[in-house]
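The values are calculated or read from the model by the stated rules, or taken from the named source; none is laboratory data. Remember, predicted model here, so these are calculated numbers, not experimental data. Note: ideal-geometry Cβ built from the backbone for every residue, glycine included; neighbour counts use all protein chains shown. Side chains included, ligands, DNA and RNA excluded: accessible areas come from the protein's heavy atoms. Shrake-Rupley method; radii C 1.70, N 1.55, O 1.52, S 1.80 Å.
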Amino acid sequence: MDIRRLPRERFPRHSAVALGLTVLAWLLVATAVAADLWADRQREIGDAERAASATTALMEAHTARTFQVVDLALQEVARRVDEAPLRRHDPRLREVMRERLQGMDYVRALFVIGPDGFIQHDTDYPGTPDVSLADRDYFLLHRRNPSQVTSISSPLRSRSGTGWFVAATRRIGDGRVFKGIAVAAIQLQSFSDLYQRMGLGEGHQIVLFHEDGRLIAQHPMDPSRIGQTYADYPLFRDHLPSARRGVYLTAGPPLPYERIFSYEKVSGQPLVVGLSYATSAVLAPWRRAAITSAAGLALLLAVMLVAVLMFLREQQRQQRLRERQLQGEKLEALGQLTGSIAHDVANMMGIVAGNLEIVRRAAADRDGTVALAVARAQHALDNGASMTRQLLSFARARPLEVVELDLHALLRDVLPLLEQAAGPGVKLELVLGDPGHCRADSSQVEVALINLVVNARHAMGDQGTVVVRTSLIARTGARGWWRPAATVEFLDLTVEDDGPGMPDDVRRRALEPFFTTKGESGTGLDLAQVYGLMRQLGGDVEIDSRPGRGTAVHLLFPVQRA
């Protein structure tokens, strides 16, 4: 029976809809999680900005207080020098200066520069170098500008070899006559040490700038950058001119990573303190939460897809069961009708056969015309009787001779008949799997196998390969997709060809009686007869076929266990 060349049925729409709804639900959850993560990220950035601003304010207050203490010491030194003329390196003034120095460990030395540019008094005496400092910018600032009372210089290198320092200065006298300046040499390392003791995390940086853009101190320390100018950077170019304090996000130099930068100008001083938080460090906890959320979303998607696929698979299985149940009910009704008709036809053919026998015996025509007509009628009756037997077999009205059967032995015995049925152009292969016994009518099984092999040969156009194989399989019963189902073992006798296959709509109707794709040359009873046999034996028939992939017909016999 050639039933393999109709168009294939499309994939069920409800499966695509279910998958689409699942993906949509996941996208909604993912969108909500992403929105929440983004809000958390913004909160983390906002909290870091507020923390940076608060820390910068504390640094500003500390720096301002530090230079106020230094200026108080310079005021006393300037007053003593201005009150009475003192000889150079006066021991009493040096003692006062050293006393003041004791409370300021960040100041390396206090000294007084006379109007000629040479050091007049110094806490380092007698190790004071006798060199002129008249070219120093901080000295020139006071000599050229009588109104300049105090100043803080940019970073300078000590000419005595003690490293980097900034000079905090105060003018001596009222400015009408230039009497020199009092100077405090503040060590830059002291600021770096202080910043280090603050214990900021990795990726954070503290800086102290002169308002002209030159770097005074920083932590982590990079000595190569001390004294460099950053006047063309956004802090000095864009932010300080408009606000004395602020916080902004930047990824530009001098650091090669994105960071939150908070700054504040030191009150009353030409200094700027700054604090940067690397966003990678700030967002590290958030990033871990985001990775965890992403993994959770991926797991959720996988679980949802698995659940949907399991549900769809169960729905398809339930649909197949319903289709098989409906098909069984339909075939049962057809079987009852077919059995009734077959009985009536058999009775009528019996009457006709009896009368034909009487006619044959009574006929004495010389030319044999009557005898020929009787022979033709008898042949037609024989064909009708064969069809009646098929109908009765399908209708379960014909009794079976069921015995315990060794299926492998039966296949070896019937192999020559199957090869003859397959024809010379078809290669027949016998593949025997696990041994098994079942209860069946051996003659009817032989007829079923021959019908299946003939159908396969017709489907392949008398060319190809037919494989007859056996195996033990398990089938589960329906108990709901959320819980396990009962398992039943079957002995699977399969006839498989490599023909063109059949679409789903044809495959579903293949077991119906009188359904054929051969036109008038087919009766549509071969597979129906096989199905009727297997139903009588308590088994089943399954057909696996796809266009271009051949067809496999499975006869499932219940396994008999000893």
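Model label sites at Gln189 and Asp47, defined 7 Å from Cα along the beta-carbon direction, differ in position by 3.9 nm. Since only Gln102, Ala167, Ser147 are under comparison, the one whose Cα sits farthest along the positive direction of the charge dipole of segment 95-168, derived from C-beta charges on Lys, Arg, Asp and Glu, is Ser147. Rounded to the nearest whole angstrom, the semi-axes of the ellipsoid equivalent to segment 10-160, taken from the Cα gyration tensor as √(5λ), stand at 70, 16, 13, largest first.
Applying a DSSP loop filter and a limit of 16 other Cβ atoms within 10 Å to the trypsin sites (Lys or Arg not before Pro) in segment 234-323 leaves Arg244. Taking 12 Å as the cut-off, the amide N atoms of segment 424-441 that come nearer than this to a point 7 Å along the Cα-to-beta-carbon line of Arg412 belong to 432. Over all other residues within a Cβ to Cβ distance under 14 Å of Ile45, the charged ones net out to 0, with Lys and Arg as +1 and Asp and Glu as -1.
Just subtract the alpha-carbon distance of Asp238 and Phe311 from 0.36 nm times their residue separation and send over the number in nm, one decimal.
Answer, rounded to one decimal: 20.1 nm.
Placing a pseudo-label 7 Å from each Cα along the Cα-to-Cβ vector at Asp36 and Asp504 gives an inter-label distance of 3.8 nm.
Across all C-alpha atoms in segment 392-471, the radius of gyration and Dmax reach 13.6, 37 Å. Other residues whose C-beta falls under 10 angstrom from the C-beta of Phe118 contribute a net charge of -1, scoring Lys and Arg +1 and Asp and Glu -1.
Take the Cα of Arg322, go 7 Å toward its beta carbon, and the backbone nitrogen atoms of segment 18-38 under 18 Å from that spot belong to 18-19.
Of the chymotrypsin sites (Phe, Trp or Tyr not before Pro) found in segment 70-121, none is in coil by DSSP with at most 13 other Cβ atoms within 10 Å of its Cβ.
Within the set of other residues whose C-beta is less than 13 Å from the C-beta of Leu188, count the net charge using Lys and Arg as +1 and Asp and Glu as -1.
Numbers: positive: Arg108, Arg157, Arg214, Arg225; negative: Asp193, Asp222.
Every neighbour counted, the sum reads +2.
Keeping all protein chains in the complex and leaving out DNA, RNA and ligands, what accessible area do you get for Glu99 with a 1.4 Å probe, in Å² to the nearest 10? Its heavy atoms expose roughly 120 Å² to the probe. Computed with a 1.4 Å probe on the full set of protein chains, the accessible area for Ser158 sits at about 30 Å².
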